[in-house]
Structure formats: C-alpha cells, structure tokens
Amino acid sequence: MKILVAVKRVVDYNVKIRVKAEQTGVETANVKMSMNPFDEIAVEEALRIREAGTASEVIAVSIGAAKCQETLRTALAMGADRGILVETESELQPLAVSKILAALVEREQPEMVLLGKQAIDDDSNQTGQMLAALLAWPQGTFASKVAFKDGGVEVTREIDGGLETVALSLPCVITTDLRLNEPRYATLPNIMKAKKKPIDTYQPDALGVEVEPRLAVLRVTEPASRQAGIKVSSVAELVDKLRNEAKVI
Ligand code: AMP
C-alpha cells in the first residue's frame, strides 16, 4: 500500500508573525520557513505504518513555490521514499490544494492520504475534508490514534467531549492532531541520503487543475495590542475595579 502525505511550507512556528504594512497578508520575505508541524506528525505516522510492514511506500507532496523542495527534502530526510512538487507561484486556497491532491491520487493510486488537521499559517482546516469529498473517500479527521483492523482503519478523534473512534474502509483520508505521535528528527546521514531521493515536479496545468483563488482576502490586521495593567493597593480596590470598571463580577 502506498501512502501520500501532504506537507506544506509555512512560516516557522517560533517566528513572531508580522503583518504587511499594506494589510494584504503576513510578511514571508526573509522569514524562517519550515514544514507545518501537523504535517511532520503526518509524515511520522506514515513512516510508522511503513515500518510496521503495512505500507510499502511513502510519497511526500508539497504544493507552492520552488522553495517547497526544502520541505520535501525534510520529509525525505525523515524517511519518505520520494517527493512530488507541484510548482506554482499563485496564491493557493484549500480547494485548489485538494483538487491537486485528488489529481495526484488519480495518478499514484495510494490507499491512504495523510494530511495535517490544519496549516498554521491560514488555519483553514479544510483541505483534508475537501479532498475526502472530491474523492468520495471516508475521512478520519483530528486523529490522535490510527490502528489497522479487519482490513480497514480505526481512527480515534479528539472531540470536545473526549474521544470518538470511527472505523474507516480503505482507501481513506486521515488528518492528524497534535497528540498522534512525536515526529522524529532527521539525522545527518539521513539528510545526506535524502539529497539523492527523487522529486518529480508538475505544474498544476499538467494535472488539469486551475488554482485561481475563489475567495478574496479583504484585509489582514494585527490583533489589538493589550492595554497595560495597573497595581491595586487592596483587595477592596480590586473588587471595586472588577465590579465597576471591568464589570466582570
Ligand atoms: P488547511 O486546510 O490549509 O488548514 O491545511 C490542512 C492540511 O492540508 C495541511 O496540514 C497540509 O497537510 C495540507 N496542505 C494545505 N496546503 C498545502 C500545500 N500548499 N502543500 C501541501 N500540503 C498542503
């Protein structure tokens, strides 16, 4: 069984985000970029499934500018077998990404697609669900446990009230939550080996997908800055301020 894993290049989670002066988006020039953290978890899970002997090949896919090659190399250094770059300079929205992934599923015929539950840059949380709908495949979203059973997969999902376990038939789409696993680090020898692993490159046109955005972003703004706090001299003053100024009690 082949597993396709979607890995997005995003602003590194340690970087303090700055909004562009013209409010059209966030600054990405000269900013450290990394693999979306939920996608690292997806790669790790795919590798564990292959190491358990259930899968034979793990293919990492990234969609975006040529620099996404770096993200693919990270996935290859973690242990993925090969990479696919779908190269475009266009702004990508989840529908376009899921159509591209669906076209790759057609070509590669994997039995499972693993994605992060959300990309930490635009927080859409849509791509996995849209992909499952386009393919008419079952989906297990926000997975905190994935177990193969009776020819299918049981996915334990983190929901508000606790945990929900769903049984999926294969092929299926799974999106990863934070507690599914702890991704491995790429070792130096594996980083060197990854340089020799193949990466195929396609343009969206070649896959028959139009990537034009369907939604217009009106503006992106910084959150309002917090007001400075004050010191109170007694509990009575605190209670008074909470009651009469903040009006929270
Ligand atoms: P989103 O729906 O944008 O929050 O993204 C959910 C997941 O879809 C991510 O964690 C990735 O696994 C995948 N994804 C989204 N955009 C891309 C992209 N440009 N390239 C590769 N994978 C992507």
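Readers should treat all values here as calculations from the given coordinates under stated rules, not as data from a laboratory. Please read these numbers as outputs of a predicted model, since none were measured by experiment. Here the Cβ positions follow ideal geometry from the backbone for every residue, glycine too, while neighbour counts run over all protein chains shown.
How many residues does segment 108-135 contain that are charged (D, E, K, R) and touching a residue at least 60 places away in the same chain (Cβ under 8 Å)? Steps first, answer last, please.
We begin by selecting, within segment 108-135, every residue charged (D, E, K, R); these are 108, 111, 117, 121-123.
Subset that is touching a residue at least 60 places away in the same chain (Cβ under 8 Å): 108, 111, 117, 121.
Total meeting the criteria: 4.
Of all residues being of a type in the set (Asp, Glu) and in a loop (DSSP other than H, G, I, E, B) in segment 94-147, which is farthest from the ligand (Cβ to nearest atom)? Just the residue, please. Top of the filtered list is 111. Condition first: charged (D, E, K, R), surrounded by 10 or more Cβ atoms within 10 Å (Cβ to Cβ) and within 30 Å of residue 17 (Cα to Cα). Now tell me which residues in segment 215-247 satisfy that. 222 - this is the single residue of segment 215-247 that is charged (D, E, K, R), surrounded by 10 or more Cβ atoms within 10 Å (Cβ to Cβ) and within 30 Å of residue 17 (Cα to Cα).
For segment 33-42, the condition of being aliphatic (A, V, I, L, M), under 26 Å from residue 212 (Cα atoms) and within 17 Å of the chain's Cα centre (by Cα) holds for at least one residue. Among the residues making up segment 169-199, those that are closer than 22 Å to residue 135 by Cβ and over 21 Å from the mean Cα position of the chain (by Cα) are 169, 170. Evaluation of residue 219 against the conditions (1) farther than 30 Å from residue 76 by Cβ; (2) within 16 Å of the ligand (Cβ to nearest atom); (3) of a type in the set (Lys, Arg) shows that the sole unmet condition is (2).
If you filter segment 180-198 down to residues that are part of a loop (DSSP other than H, G, I, E, B) and basic (Lys, Arg), you find that the one that is surrounded by the fewest Cβ atoms within 10 Å (Cβ to Cβ) is 196. Residue count for segment 142-168 under the criterion of being without any contact (Cβ under 8 Å) to a residue 24 or more places away in the chain, closer than 21 Å to residue 131 by Cβ and not β-branched (Val, Ile, Thr): the result is 6.
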